[in-house]
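Since the structure comes first, as structure tokens, the remarks are kept for the end.
The values are calculated or read from the model by the stated rules, or taken from the named source; none is laboratory data. Here the structure is a predicted model, which is why all the values come from computation and not from measurement. Positions of Cβ are backbone-derived with ideal geometry, glycine not excepted, and every protein chain shown enters the neighbour counts. For the accessible areas, the whole protein counts, side chains as well, though only heavy atoms, and no ligand, DNA or RNA atoms are used. Shrake-Rupley method; radii C 1.70, N 1.55, O 1.52, S 1.80 Å.
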Amino acid sequence: MSIEKSVKAFQEAQKLIPGGVNSPVRAFASVGGTPRFISSGEGGYIIDIDGNRYVDYVQSWGPLIFGHRNEEIENAVIEAVKHGLSFGAPTEAETELASLVVSFFDSMDKVRFVSSGTEAVMSAIRLARGFTGRDDIVKFTGCYHGHSDSLLVQAGSGAATFGNPSSPGVPADFTKHTLLATYNDIESVKKCFNDSKDIACVIIEPIAGNMGLVPADKEFLAELRKLCDANGTLLIFDEVMSGFRASIHGAESITGVKPDIVTLGKVIGGGMPVGAFGGRAEVMAKLSPEGPVYQAGTLSGNPVAMAAGLAALTKLKTHARVMDTLHVRAARLVEGMKEMASKHGIPLQIDSRGSMFGFFFNDKEVKNFDDALKSDLAMFAKFHAAMLEEGFYFACSQFETGFISTATTDEMIEDTIQACDRVFGRIK
């Protein structure tokens, strides 16, 4: 497989763009090799500028639940563009999409659109602080909620729950109100509440996708809900990644636990840049211009993005049972991968939720970020490179989740499993 054009394109990009990419994971730093520069997508495939064709298990990191260039979504975007790219004024499409989003979530009465997941989470936390009149927040090690300052946090020294900045450029003063807990460990959350009586919210990926796919235990989330209620603290579910991927009715429909605020992105934009946060009316009433908590965005509710999201979610609502098919296919993929790994004596942990899937080269079940870090990263890098050569495009990090789409056929999945057999035989 020749990647000569991608190699040249990456060299040129590095001269003008830091690291040659506009989002760090795309640089292939954790797996080595050259990132493929993509020229087009078709259904379940992407094609690079050298003409190589790959079965795509990234799907733009989640948004493309109906695959690349879905005709209905594409037509909706083209029609919207004919009327203008942006107005900076209200459109009916915003209300239509808001009505559709709210209809999927029992916990949500109102929603506000923004332009990214980072913006959605940042705004949701500000709203929680404004609603409660408190400053501190609790997040979980391994959960990624975007790159806003107060959320770029690593564990503090010793037994401290208050975190330290995990990136240069983030002042310690910005993270001193962020407490860290361990995913799926309720005792660690209780320690945070013992250390602070000023906690505005607890934010969690109920189905974590940024340490690899690691769902929270139902019992853990139920205890988390009780703990928040007992302390007058809001519970935020970050479903920027899992929303409409794990279930069309959110993690609350899987776990039975209702959050106070939900953050969304990815699928609700149908491939266009969109984020959103929503919750019950009492909480959302604090948001400007209805309330005192300020939040704004010039391109929020962009008409082209609204059109794409409306087409995608309408299609999902009309064909709700498609999620059952996607779940079966995602489960078959990882079960087949595990079968082939076992055949070659390679330990592999697997999981799937709806159209999301994950796997770890690890001999023990992964329940939190510390567990994930014990995975064999060198093995993953070899697997990733070998599967690219076979024509299968997986996320370029052990700590990312994979996605299938309605365009990912049973035949593609079986071909992937057979390719895993060949690859595992070579890299074991």
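Remarks
- Extreme residue, surrounded by the fewest Cβ atoms within 10 Å (Cβ to Cβ), among residues of segment 403-428 that are farther than 12 Å from Leu326 by Cβ and among the small types (Gly, Ala, Ser): Gly425
- Lone unmet requirement of (1) out of contact with any Leu (no Cβ under 7 Å at 6 or more places or on another chain); (2) among the hydrophobic types (A, V, I, L, M, F, W, C); (3) touching a residue at least 40 places away in the same chain (Cβ under 8 Å) for Met387: (3)
- Failed condition for Lys364, given (1) farther than 12 Å from Gly212 by Cβ; (2) open to solvent by 10 Å² or more (accessible area, probe 1.4 Å); (3) modelled with pLDDT of 95 or more; (4) in contact with a Gly (Cβ under 9 Å, 6 or more places away or on another chain): (4)
- Count - residues of segment 261-297 that are touching an Asp or Glu at 6+ places or on another chain (Cβ under 8 Å) and of a type outside the set (A, V, I, L, M, F, W, C): 6
- Of all residues making up segment 281-300, the number that are open to solvent by less than 30 Å² (accessible area, probe 1.4 Å), in contact (Cβ under 8 Å) with a residue 60 or more places away in the chain and either farther than 25 Å from Ser242 by Cβ or touching a His at 6+ places or on another chain (Cβ under 9 Å) (or both): 2
- The residues listed here are Asn184, Asn210; of these, the one that is of a type outside the set (D, E, K, R), under 23 Å from the mean Cα position of the chain (by Cα) and at positive phi is Asn184.
- Extreme residue, surrounded by the fewest Cβ atoms within 10 Å (Cβ to Cβ), among residues of segment 192-208 that are closer than 16 Å to Asp229 by Cα and charged (D, E, K, R): Lys197
- The set of residues in segment 301-324 being part of a loop (DSSP other than H, G, I, E, B) and surrounded by 21 or more Cβ atoms within 10 Å (Cβ to Cβ) consists of Gly301, Asn302.
- Some residue of segment 248-269 being open to solvent by less than 10 Å² (accessible area, probe 1.4 Å), touching a residue at least 40 places away in the same chain (Cβ under 8 Å), in a strand (DSSP E or B) and touching a Ser or Thr at 6+ places or on another chain (Cβ under 7 Å): yes
- Candidate set: segment 114-146, residues that are in a loop (DSSP other than H, G, I, E, B), within 22 Å of Pro215 (Cα to Cα) and of a type outside the set (Ser, Thr, Tyr); chosen: the one modelled with the lowest pLDDT: Gly146
- Which numbered condition Ser342 fails, given (1) in contact with a Leu (Cβ under 8 Å, 6 or more places away or on another chain); (2) open to solvent by 20 Å² or more (accessible area, probe 1.4 Å); (3) not in a helix (DSSP H, G or I): (3)
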